[in-house]
Structure formats: C-alpha cells, structure tokens
1. What number of residues within segment 101-116 are exposed (fewer than 15 other Cβ atoms within 10 Å of the Cβ) and more than 16 Å from the chain's Cα centre (by Cα)?
2. For a quick check of your reading of the model, give me the residue pairs whose first member lies in segment 67-78 and is touching a residue at least 60 places away in the same chain (Cβ under 8 Å), whose second is surrounded by 11 or more Cβ atoms within 10 Å (Cβ to Cβ) and aromatic (Phe, Trp, Tyr), with beta-carbon atoms closer than 7 Å and at least 6 apart or on different chains.
3. Within segment 72-102, which residues are in contact with a helix residue (DSSP H, G or I) (Cβ under 6 Å, 6 or more places away or on another chain) and either closer than 22 Å to MET45 by Cβ or acidic (Asp, Glu) (or both)?
4. For segment 75-91, how many residues are over 13 Å from the mean Cα position of the chain (by Cα) and surrounded by 14 or more Cβ atoms within 10 Å (Cβ to Cβ)?
5. With the structure loaded, tell me whether ALA119 is hydrophobic (A, V, I, L, M, F, W, C), modelled with pLDDT of 95 or more, assigned to a helix (DSSP H, G or I) and surrounded by 11 or more Cβ atoms within 10 Å (Cβ to Cβ) or whether it fails that test.
6. Could you grab me the full set of residues in segment 87-112 that are touching a residue at least 40 places away in the same chain (Cβ under 8 Å) and within 16 Å of GLN17 (Cα to Cα)?
Amino acid sequence: MEHPSGTLKALELKFWQAMADNNIDAALKLLYEPALMVSTHGSMMLDHASYRRMVERDPMVLAAFDITDMDVVFPSESTAVLSYNVKKVVRPRNGDANIEEQMRNTSTWVRKGNQWKCAMHTETPAAQVAARRQATA
C-alpha cells in the first residue's frame, strides 16, 4: 500500500495536469466544495460552478509546469498540507506568447470518507519570497 504522502503528491500532480489539459471536470473531482484560493489575483472562495467560470473566462491558460521540492505534512489523519516550488508556463488563451513564472505554492487537502479533496491553495511569486529574504538578511 502506498504511503499517504505519495498519494497526496500524486493527487497534486493530477490536479496540475488537469489544469494543463484544460480538463475542468477532472479538476473539479479533486476540488473540495467550497474551496479557498489565494494568489496574485487576491483571495477567493470557490464553489464548483464559480471555479468552472473562472477557468473558462481566464485569459491565460497553463501550457506546462514543473513541480520540485514537494513536502507533505499531516496535521491529522484527514488533513495534509503540501508545499512546493513550481515553474509554470502560461500563455494567452488565443495566443502563443509563453510566459514563464516561478512560484512557491501550498495546498491543503482533506479526506472525506476515502477520498482526498483540495480545500485550499496558495501561490506566491518566487521573486517576492526572495525579496523578503534579502530584506530580513
């Protein structure tokens, strides 16, 4: 039987792949309802319908991603928090100009019955993290 941390890492990658494939239904199967998200766009609470609208209307799409340095902690048997670095490539929905972004992300997953669902996701640009470290050094 796979260790729970391996299961959670695989689910996080599966969620990212669903976004890269623009497979909203696959992403929704992994998303708690409602879920919270904090990003450069602000903080928001999303039910499945609002997540679908957000993805469908977003002028940018995920073209590729590379996740590294993933760590998992379990505050309880039914809660997991993941932290990792991601290099993502986004592009305009109807364009071909790729933009590369380096981010620091966290996701909180909760287990409902025997299924894990992502209930919270945050992302911070890596440049902001580096600037804070330099300011406090």
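1. Selection size over segment 101-116: 4.
2. Filtered contacts from segment 67-78: MET70/TYR84.
3. Within segment 72-102, the subset in contact with a helix residue (DSSP H, G or I) (Cβ under 6 Å, 6 or more places away or on another chain) is 72, 80, 82, 102.
If the condition is that a residue be in contact with a helix residue (DSSP H, G or I) (Cβ under 6 Å, 6 or more places away or on another chain) and either closer than 22 Å to MET45 by Cβ or acidic (Asp, Glu) (or both), then ALA80, LEU82 are the ones that fit.
4. Counting residues in segment 75-91 that are over 13 Å from the mean Cα position of the chain (by Cα) and surrounded by 14 or more Cβ atoms within 10 Å (Cβ to Cβ) gives 5.
5. Spelling it out, it is not the case that ALA119 is hydrophobic (A, V, I, L, M, F, W, C), modelled with pLDDT of 95 or more, assigned to a helix (DSSP H, G or I) and surrounded by 11 or more Cβ atoms within 10 Å (Cβ to Cβ).
6. Step one: filter segment 87-112 for residues touching a residue at least 40 places away in the same chain (Cβ under 8 Å), giving 107, 109-110, 112.
Within segment 87-112, just SER107 meets the criteria.
Every residue, every condition in (1) of a type in the set (Val, Ile, Thr); (2) surrounded by 15 or more Cβ atoms within 10 Å (Cβ to Cβ); (3) under 14 Å from SER107 (Cα atoms), yes or no:
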| position | (1), (2), (3) |
| --- | --- |
| LYS9 | no, yes, yes |
| LEU13 | no, no, yes |
| MET19 | no, yes, no |
| LYS29 | no, no, no |
| MET37 | no, yes, yes |
| HIS48 | no, yes, no |
| ARG52 | no, yes, no |
| GLU56 | no, no, no |
| LEU62 | no, yes, no |
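The values are calculated or read from the model by the stated rules, or taken from the named source; none is laboratory data. Worth saying up front: this structure is predicted, and the values here are computed from it rather than measured. Note that each Cβ is placed from the backbone with ideal geometry, even for glycine, and that neighbours are counted across all protein chains shown.
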